[in-house]
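Coordinate-derived values only; no laboratory data. This structure is a prediction, so every number in the text was calculated from the model and none was measured. With ideal geometry, Cβ positions are generated from the backbone for all residues, glycine too; neighbour counts draw on all protein chains shown.
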Amino acid sequence: MQRLRIVTIGFLQYISPTIAFLIAVLMYDEPFPPAYQVGYGIIWCGLAVFVGDALRTSWQKRGEKRREAEEEEAKIREMEIMN
C-alpha cells in the first residue's frame with residue numbers, strides 16, 4: 001500500500017473546492033462579485049507560494065543527493081587507482 005504525502009493531500013484540498021466553485025460560476029451562473037474575486041486571487045497566490053517553495057526544496061534535495069553520489073563515486077575511483 002502506497003501512502004500520499006501531506007503536500008499532495010493539501011493540494012487536493014485546494015483543488016476540490018475550486019472545481020466546485022468553477023462548476024457553480026460557469027455552469028450555474030452563480031454570482032462572483034469583485035470582493036470574492038480578490039479573496040479567491042489571494043488564496044491562489046498563497047497556494048502558488050506554497051507549491052513554489054515545495055518544488056524549490058525538492059530540487060535542492062535532489063541536487064544534494066546527486067552531489068553526494070558523485071563524491072562517493074569519486075572516492076571509490078580514487079581507492080581503485082591506489083590499489
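Quick notes on this one:
- Local charge for Glu72 was computed over the other residues whose Cβ lies under 12 Å away, with Lys and Arg +1 and Asp and Glu -1, and equals 0.
- Phi angles across the range 18-33 convert, under the Karplus curve 6.51 cos²θ - 1.76 cosθ + 1.60 with θ = phi - 60°, into 3J(HN,Hα) values of 5, 5, 4, 4, 4, 4, 5, 6, 7, 9, 9, 6, 5, x, 9, x Hz, Gly and Pro given as x.
- Ellipticity at 222 nm from helices only: DSSP H runs of n ≥ 4 in the chain, each -39500 (n - 2.57), divided by the residue count, give -29000 deg cm²/dmol.
- Each Cα pair of the chain feeds into the Kirkwood radius, which the Stokes-Einstein equation turns, at 10 °C and 1.306 mPa s, into a diffusion coefficient of 94 µm²/s.
- When exposed loop sites are taken as trypsin sites (Lys or Arg not before Pro) in a DSSP loop with at most 10 other Cβ atoms within 10 Å, the longest stretch of the chain clear of them is 6-83.
- Once the chain from Glu64 to Glu78 is taken as fully extended at 0.36 nm per residue, the excess over their C-alpha distance is 2.9 nm.
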